[in-house]
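Structure, as structure tokens:
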Amino acid sequence: MNLASNHKSSVRTIAVVSIVIPLAVAVLIFLPQKENFLGEWVRNLPAFNAIINSATSLLLISALIAVKKGNIGLHKKLMMSAFVLGAVFLVSYIMYHLTVPSTKFGDINSDGVLSEAESIAVGGTKYFYYFILLSHILLSIIVVPFVLMAFYFALTEKVEKHKRLVKFTFPIWLYVSVTGVLTYFLISPYY
């Protein structure tokens, strides 16, 4: 296979993966009936995912520092670690949403009633939560093909293309990682 057809094949694969991932996640989230066939431990996955997002954020920042200092070897290792954590996150996220109904922000507490203070708190943070959540979701969908292309350029040693792409891919990926943690903390009282 020549270099041009290999490049086209890689770009096609990235395009397919970039479409399949958000579609699969959307289908899983909106499934009307969910059967928890994996056990109760799955309910701990949102906290695990927040840990993964936190670690990813730290890896991304560390990788930026490493590349700014000229330590390309460390940069590559940190970015590969962030990429692997992203894959682990995706598997964990899919397992959770395949088996557990989605949690809604502001759901009533165990006794079925919101206190006045809880009601005010929910109303005060609801719009902030939904803004963060919606921007997180939209940007997580948008960033996938760019992250995959950035890794492709890095692996194929197309350094200039890699640098141009990561100038806007990096801050989006970092935002998605940080807001993933933030949305977890905002929704966690309702799990």
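Quick notes on this one:
- Selection of the stretch 156-173 for residues being surrounded by fewer than 18 Cβ atoms within 10 Å (Cβ to Cβ) and either in contact (Cβ under 8 Å) with a residue 40 or more places away in the chain or in contact with a His (Cβ under 9 Å, 6 or more places away or on another chain) (or both) yields only T156.
- Some residue of the stretch 108-115 being surrounded by 18 or more Cβ atoms within 10 Å (Cβ to Cβ) and either touching a helix residue (DSSP H, G or I) at 6+ places or on another chain (Cβ under 8 Å) or at pLDDT 95 or above (or both): no
- Taken as a whole, the structure leaves V20 outside the set of residues that are free of Cβ contacts under 8 Å to residues at least 40 places away in the same chain and in contact with a helix residue (DSSP H, G or I) (Cβ under 9 Å, 6 or more places away or on another chain).
- Candidate set: the stretch 50-70, residues that are within 19 Å of A150 (Cα to Cα) and of a type in the set (G, A, S); chosen: the one surrounded by the fewest Cβ atoms within 10 Å (Cβ to Cβ): G70
- Residue within the stretch 123-141 that is surrounded by 12 or more Cβ atoms within 10 Å (Cβ to Cβ), modelled with pLDDT under 85 and within 30 Å of W41 (Cα to Cα) present: yes
- Among the residues here, A15 does not qualify as at pLDDT 95 or above and surrounded by 12 or more Cβ atoms within 10 Å (Cβ to Cβ).
- Residues satisfying the stated conditions in the stretch 95-106, i.e. over 16 Å from the mean Cα position of the chain (by Cα), surrounded by 15 or more Cβ atoms within 10 Å (Cβ to Cβ) and not small (G, A, S): L98, T99, V100, F105
- Remark: Y191 falls outside the filter, which requires a residue to be at pLDDT below 95, crowded, with 17+ Cβ neighbours inside 10 Å and of a type in the set (S, T, Y).
- Single residue of the stretch 71-94 satisfying the filter (within 14 Å of the chain's Cα centre (by Cα) and of a type in the set (A, V, I, L, M)) that is surrounded by the most Cβ atoms within 10 Å (Cβ to Cβ): A82
- From the list P145, P171, P101, the one residue that fits, being closer than 16 Å to V17 by Cβ and either of a type outside the set (F, W, Y) or modelled with pLDDT of 95 or more (or both), is P145.
- The residue list I65, I51 contains one member that is under 28 Å from S188 (Cβ atoms) and at pLDDT 90 or above, which is I51.
The values are calculated or read from the model by the stated rules, or taken from the named source; none is laboratory data. Since the model is a prediction, treat every value here as computed from it, not as a measurement. Backbone-built Cβ (ideal geometry, glycine too); neighbour counts: all protein chains shown.
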